[in-house]
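The values are calculated or read from the model by the stated rules, or taken from the named source; none is laboratory data. Keep in mind the model is a prediction, meaning the values are calculated, not measured. Here Cβ is always computed from backbone atoms with ideal geometry, including for glycine, and neighbour counts include all displayed protein chains. These accessible areas exclude ligands, DNA and RNA; they are computed on the full protein's heavy atoms, side chains included. Shrake-Rupley method; radii C 1.70, N 1.55, O 1.52, S 1.80 Å.
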Amino acid sequence: MISYQDGTFRLDTEHTSYLFRVTKYGHLETIHYGESLKDQSLDAILLKHTAVIGSTVAYDAADELYSLDTLSLEWSGIGKGDYRHSPSEIRMPDGTFVTDFLYQGYRIVDGCIPMTTLPSSYGEAEDCQTLEIIMEDGPGEVSLLMYYTVFPRTDVITRRVVLENHSIKPLVIRKLMSMMIDLPNRSYSLVTFHGGWIKEAHRQDRRLQYGLFVNESTTGASGNRHNPGFLLAEQGASESYGRVYGFNLVYSGNHYEGIELSNQDLVRVMTGINPHCFEWPLAEGERFETPESVMTFSNQGYNGMSGHFHDFTNEHIVRGDWKDKERPVLLNNWEAHFFSFTQGKLLRLAKRARRLGVELFVLDDGWFGKRNNDHAGLGDYTVNRKKLPGGLSEFSRKINRLGMKFGLWFEPEMVNPDSDLFRAHPEFAVRVPGREPSLGRSQLVLDLCNPTVRDYIVESVRGVLQEAEISYVKWDMNRHISDMYSPCLSNQGEFFHRYMIGLYDILQRIFGDQPHILLETCSSGGNRFDLGMLCFSPQIWSSDDTDPVERLEIQKGLSYLYPPSTMGAHVSSAPHQQTLRATPLSTRFNVASFGCLGYELDLKYLSHMEKREIREQITFYKDHRKTMQFGRFYRLDAQKANKQHWQTVAKDGQESIAGFFQTQSKAAEGFDYLPLTGLDAKSRYTVRTRPQPLYVKRFGGLINHILPFHIHPDGLLVNILNKFYTLTDCVEEYEGYGDLLLSGVKLNNQFIGSNYNTQTRLLGDFGSSLYVIRRES
Ligand code: GLA
C-alpha cells in the first residue's frame, strides 16, 4: 500500500497511485495522483523547470530555477515565494506569518492512527495503512505532522495534519487546512453541490478559471448551501467515462474548499476547517488536529468515483450495529400531524401503518413540554401528558406490541426562549453579553462549548432513552448559528470548532454504548449531510422536500458523495407541501426506494386502492432493500432532458433494479429506452417492469376513450371507481444476455390520448417505473 524509495513516497490503492517526493530543500512535491502506475522511472511525468519564469522568487539564490510558485506541492507555506493561496496562516512564535515546513522523516503504520478530538474513518491493520510525515519549521520549533491513510479496496486516500508547538512562545493558527495538493490542469470542471432548505445538493458545474474558487459554509454546520464534497472532472467526463477526482471532509462544521488555478496551470486543491472567525492559539507543548479529508479518483466517470465513496462510507465511516444492516421501513408522523396529535391519533396511525407493513413508528416533534408549535418548549424533554397520558414508556410499549419498533425525535442542541430550560438557565444559550440574540425558527442555540450544557443534554436525552423502548432516534438541528460567544472560552475564535467537538462528544456519550439504536440525524432536512455525522448516524434525513420530482435532483446530487444506505427518503401525500405539485404515488415510492424508505403522511386519507398499492410497495422494498440500500448505485446518462435513469446492482450481481423517471411529458416523443449498466455480458437475465396501478382519475375526460360506456369524468361513479378499482400499467418482460441488454432496452410507447391498451405505458408528467433485472444463468 505505502512504500518509500529514494526520496519518493508511493501510495497505492487497487486502481489508483499517488506519488510524491522530497525535494532537495525538503519540500514535498506532488508527482502523480490518478491511475495506477507501474514501478518505473517517473521522469516523463515530472514537471520541468528548465527556464526561469519571470516574476518568480527563487527559494535559494544558489538555484534560481527552484521557485515554490511553479512547483506542484503537497503543502506550502507563506513568504517563501509561493503566491498561491496557502493551506495555513499561522502567527508563528517569532511573530511573523512566514512559514516553511521542511521534511524531517516518516513512519508507516498498519491501520489508522485514531484522532483525539474528532471522528474519523476506521479500519483494521489489514484494511489500511497510514503514513506519517514529519515536517518542521525552525529546528524543533513547530512541527507539522501530515497523515495519509490508504484504503486500497475502496480506492480512497485520506489526509489530515496536526500542528504542534514546541517553542516556549505561543503561536496562533488563523487557518490550517487538512490537505493540499497541486494537480496539473486538464481542462477540469469543478462540480459542487449547492442549495438551501428543501433544495439541497443540486449539482453545479463550472469550468475552472484562473483564480480561486471557494466552496464553503459559515453557518456553523456543514450546511445545505454548499456541501463539503466536490469533484474535479476532466472535460467531457460523463457518468461512465472520464477522469474524475472526488474530495470530501469528515467534518460537520464550517468547512472551506479552495480550488485555485494558477498562471502555471496547476490546480491547487485545499480542504479543511473554514478560517472564517477562526483563531486558535497554541501554547508550548499544545497540538491542533484538523479533520480528515477524503480523496478518490476514477477514470470510469462519475459513477466510478462515487462507487469508491459509497464503498468507503459503508465500510470505513458508518459503524456500529447498523453497518451493512438493512434499514427498517418507517412511518414518521410529522407531515401527517405536525404538532397536533393525541395518543389516540398516533395509535390509529400506527395500526394503519402496521397493516401496510411498516416496521418502525417514529414520533416526531411535539411530544414534550409545551411544544404545540415551534415557538415554545424546545429544551424541555418531559413528556406532554395531555398528548401521551401514560408517558413514553407506555406509548412505546403499545407501539412495540403492535409489532413495530419505536423511534423518537429530539432537537437537543436548541432551546426556545419560551421554555422551562431557558427560564432556569438563560446562560445555556449562545448569545453575546449585552446584545439581543437573533432567533431562527424562534429558537436559540445551546452552548455546546460549555461542559455543563453538554452534561445536561447527555443526561436529559439518556434519561428519555432509558425511560422507553426506543430503537431509533431522529436528532434534529433546525437553525444556523449566530451570536457566537461562549463564556467558557477565553478566545472566541475557537467557538465554531469547539461547538463541533462538543457535539461529537455528546453524540459519543449518548450513543457510543447503544449501537443498537438507529440514529438518523437531520438539520431542517439535509443541512448537515456530511461524513462527520455519518460516523455517528448511519442515515441522514436528506431533505424536508418530499416531492419526488425535487428529490430526483436532491438524491442524485447526494449520490455523487454518499451511498443510498445513508439517505432517508419518504413517501408523502400529494399535492406536496413544498411545491403544490401532484405526483403519482408510484413515483413517490419509486424515487424513495433508492434510499432508506419511509412514509410520512396521514394514512387515514388513503383509499382502499392506495393502501393496497403501499402494501405492495413495502413488500417489494423488503424483498429488494438489500440491493436498493447497499447495491452498486449508478446514475445513467440520460438520453433526454426530461428523463432520469438510476440503477442499482446487488453486490452478488444476482439482481438489479433500474428506475425510469420522467419529469415533464412531451407530445409524441421518440422512443424511450432503458439504459443499463453493471451487468455481466455473458450472463443471461430477465427484465420485468414492477407492476403498478393506474388510477382512473388520472385519465380525466379521457376515461371515455377507455371505457366501453360514457361517464361524467368527475362524477360519482369515477370517484367511486377510483377508490376501489385500478388498471395496471403496462408490464414489459424481456430476456437476454448482458451484452444485449447493455445496449439499452427499447420500451413500449407512452400513452398519447386515445391509445390505452395493456401494452402502452402511461407516464404523463412525473411518471416513472421500476424494472427488476434478474440473473438467470
Ligand atoms: C425539521 C425536520 C423535519 C421535522 C421538523 C419538526 O424541519 O427537518 O423533518 O422533524 O423539524 O419540527
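Every condition in (1) without any contact (Cβ under 8 Å) to a residue 24 or more places away in the chain; (2) farther than 23 Å from F20 by Cβ; (3) within 30 Å of the chain's Cα centre (by Cα) holds for D110 except the one numbered (2).
Of the helices (runs of 4 or more DSSP H) lying entirely inside the range 515-617, the ones with 1 or more residues being within 15 Å of the ligand (Cβ to nearest atom) and surrounded by fewer than 23 Cβ atoms within 10 Å (Cβ to Cβ) are found at 548-559. Regarding the range 460-468, can at least one residue be identified that is within 16 Å of the ligand (Cβ to nearest atom) and open to solvent by 20 Å² or more (accessible area, probe 1.4 Å)? No, the range 460-468 has no match at all.
Inside the range 716-768, can you point out the residues that are under 23 Å from R688 (Cβ atoms), open to solvent by less than 50 Å² (accessible area, probe 1.4 Å), among the polar types (S, T, N, Q) and not in a strand (DSSP E or B)? Selection gives N748, T760. Restricting attention to the range 200-213, the residues being out of contact with any helix residue (DSSP H, G or I) (no Cβ under 7 Å at 6 or more places or on another chain) and open to solvent by 50 Å² or more (accessible area, probe 1.4 Å) number 8. If the condition is being farther than 17 Å from R206 by Cβ and either over 20 Å from the mean Cα position of the chain (by Cα) or not in a strand (DSSP E or B) (or both), then the range 251-264 contributes Y251, S252, G253, N254, S262, N263, Q264.
Looking across the range 303-324 at every residue that is outside any helix (DSSP H, G or I) and touching a strand residue (DSSP E or B) at 6+ places or on another chain (Cβ under 9 Å), the one that is least open to solvent (accessible area, probe 1.4 Å) is identified as V318.
Checked against the criterion of being within 16 Å of the ligand (Cβ to nearest atom), at negative phi, without any contact (Cβ under 8 Å) to a residue 40 or more places away in the chain and open to solvent by less than 10 Å² (accessible area, probe 1.4 Å), the range 438-453 has at least one qualifying residue.
Going residue by residue through the range 37-46, is there one that turns out to be outside any strand (DSSP E or B), polar (S, T, N, Q) and within 18 Å of L144 (Cα to Cα)? No, the range 37-46 contains no residue that is outside any strand (DSSP E or B), polar (S, T, N, Q) and within 18 Å of L144 (Cα to Cα). Note on the range 50-78: residues that are surrounded by 15 or more Cβ atoms within 10 Å (Cβ to Cβ) and more than 20 Å from R186 (Cβ to Cβ) total 11. If the condition is being outside any loop (DSSP other than H, G, I, E, B) and of a type in the set (F, W, Y), then the range 268-288 contributes W280, F288. Summed over the range 398-419, the residues that are touching a Lys or Arg at 6+ places or on another chain (Cβ under 7 Å) and open to solvent by 10 Å² or more (accessible area, probe 1.4 Å) give a count of 2. So for the range 604-614 (the condition being charged (D, E, K, R) and without any contact (Cβ under 8 Å) to a residue 40 or more places away in the chain), does at least one residue qualify? For the range 604-614, residues charged (D, E, K, R) and without any contact (Cβ under 8 Å) to a residue 40 or more places away in the chain: present. Applying a threshold of 9 Å to beta carbon distances and a minimum spacing of six or more residues, or different chains, the list of pairs starting in the range 487-508 at a residue that is assigned to a helix (DSSP H, G or I) and ending at one that is of a type in the set (K, R) reads G493/R174; G502/R454; L503/R454; D505/R454; I506/R454.
S55 meets the stated requirement of being at pLDDT below 95 and in a loop (DSSP other than H, G, I, E, B).
The residues in the range 618-641 that are touching a Leu at 6+ places or on another chain (Cβ under 8 Å) and either free of Cβ contacts under 8 Å to residues at least 24 places away in the same chain or outside any helix (DSSP H, G or I) (or both) can be counted, and the count is 1.
Close contacts from the range 128-140, counting a first residue that is farther than 30 Å from D155 by Cβ and a second that is hydroxyl-bearing (S, T, Y), with Cβ to Cβ under 9 Å and a gap of 6+ residues or different chains, come to E136/Y103; E136/S143; D137/T99; D137/S143; G138/S167; G140/S167.
Kindly state which strands (runs of 3 or more DSSP E) lie completely within the range 325-411 and contain at least 1 residues that are more than 16 Å from the ligand (Cβ to nearest atom).
405-410
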